[in-house]
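Structure first, commentary second.
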Amino acid sequence: MKRFFCIVLAMVGALSSVACAATDKPEQISIGVSLMNQTQQFHVTMKDGMQAKADELGVKIVFLDGNMDATKQVTDIEDLITMDVDAIICSPYDRDAVTVPLQKAKDAGIFVITADTGANGVDVDAHIASDNVQGGFIGGKSLFELLGGNGNVVDLNYPYNTTGLDRDAGFMRALLEYPNIKLVVQQTGDAVRDKSMIVMENLLQAYPDINGVFCVNDDTALGAMAAIEAAGKTNIIIVGYDATEEAQAIIKAGDKPLKADVIQYPELIGATAVESALKLTKGEAVEKNVPVEVGIFDGK
């Protein structure tokens with residue numbers, strides 16, 4: 001009887017230990033990601049960097065695609081709040097449209113990190129992005145040097161988020177160093193290929209003496225290039241931004257208007273954003289602004 005009683009006590013103790021172990025096991029950290037799109041190569045690569053880092057750190061990650069639609073991205077962020085994720089990483093399509101939902105996330109106790117592009121009117125916990133002012137500066141200098149310090153240039157920009165504005169600021173800073181370069185016009189192709197091609201077609205009609213084009217991203221650059229080639233123009237130089245695989249191949253070939261590209265490291269941006277999110281959930285300090293290096297790709 002005594003032996004039976006001891007066995008029962010041992011079983012109860014074992015079950016109690018298992019229950020305590022289950023109770024003490026930490027919940028998996030969850031991160032929600034609202035991307036402006038999942039089609040452009042830059043954002044695809046940034047997403048890959050996030051996923052790889054999340055897998056490495058054992059973090060659960062959920063991706064939602066804003067599909068270049070401000071209204072949809074707002075809904076996506078609200079959905080992530082409803083999911084009760086621990087942190088939200090957002091690359092805003094529209095820096096103003098995301099203000100309210102990101103503030104709602106912070107009010108709900110969710111950490112907020114912006115990646116690549118910033119958000120207006122909300123004090124995010126961290127912002128991870130390329131040094132886009134420096135990128136615009138070295139991209140502008142590259143174009144102006146390729147033109148020999150003389151010529152008429154077009155700036156095909158995207159003035160609707162901090163990324164585009166920063167690139168423009170750097171480009172304009174470079175322009176100050178080249179008095180014989182004339183900025184003919186600044187216009188946007190909405191950072192997409194088809195519209196950029198149409199915009200460039202119109203600009204070639206309005207300004208037939210264009211020598212160079214600086215583009216806010218590679219979709220813009222490739223759209224502009226299509227228009228320039230269709231018009232039979234052979235004396236126009238393009239410098240793009242992002243250095244996607246497609247753009248790099250064109251630059252290496254050397255027989256197209258696209259001659260150089262500001263190169264970013266979106267995989268590193270994504271990985272750093274996930275690392276920062278995890279640190280925040282653990283109560284660790286992170287830098288408020290983390291600039292990621294950029295460079296120039298010219299195929300050499």
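Assorted remarks:
Residue by residue, here is whether (1) closer than 30 Å to Ala97 by Cα; (2) at pLDDT below 95; (3) in the same structural domain as Ile251 (by TED's automatic domain parsing); (4) in a helix (DSSP H, G or I) holds:
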{"site": "Gly136", "(1), (2), (3), (4)": "yes, no, yes, yes"}
{"site": "Phe144", "(1), (2), (3), (4)": "no, no, yes, yes"}
{"site": "Gly149", "(1), (2), (3), (4)": "no, no, yes, no"}
{"site": "Val153", "(1), (2), (3), (4)": "no, no, yes, no"}
{"site": "Leu156", "(1), (2), (3), (4)": "yes, no, yes, no"}
{"site": "Thr163", "(1), (2), (3), (4)": "yes, yes, yes, yes"}
{"site": "Ala169", "(1), (2), (3), (4)": "yes, no, yes, yes"}
{"site": "Ala174", "(1), (2), (3), (4)": "no, no, yes, yes"}
{"site": "Val184", "(1), (2), (3), (4)": "no, no, yes, no"}
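- Condition met for Ala247 (more than 17 Å from Leu147 (Cα to Cα) and either in contact with a helix residue (DSSP H, G or I) (Cβ under 8 Å, 6 or more places away or on another chain) or not assigned by TED's automatic domain parsing to the domain that holds Arg173 (or both)): yes
- Matching residues, region 236-253, being modelled with pLDDT under 95 and either under 20 Å from Leu165 (Cα atoms) or part of a loop (DSSP other than H, G, I, E, B) (or both): Asp242, Ala243, Thr244
- Yes/no for Asp209 being under 22 Å from Gln40 (Cα atoms) and either modelled with pLDDT of 95 or more or among the acidic types (Asp, Glu) (or both): no
- Of all residues in region 195-217, those that are surrounded by 15 or more Cβ atoms within 10 Å (Cβ to Cβ), aliphatic (A, V, I, L, M) and in a helix (DSSP H, G or I) total 5.
- Matching residues, region 256-280, being charged (D, E, K, R) and within 13 Å of His127 (Cα to Cα): Glu275
- Scan region 263-286 for residues that are under 10 Å from Thr45 (Cα atoms) and assigned to a loop (DSSP other than H, G, I, E, B) and the total you get is 1.
- Taking residues in region 162-185 that are under 23 Å from Ala119 (Cβ atoms), and partners anywhere that are among the β-branched types (Val, Ile, Thr) and assigned to a loop (DSSP other than H, G, I, E, B), the pairs with Cβ atoms closer than 6 Å and at least 6 places apart or on different chains are Thr162/Thr117; Thr163/Thr117; Gly164/Val216; Arg167/Val216.
The values are calculated or read from the model by the stated rules, or taken from the named source; none is laboratory data. Remember, predicted model here, so these are calculated numbers, not experimental data. Here Cβ is always computed from backbone atoms with ideal geometry, including for glycine, and neighbour counts include all displayed protein chains.
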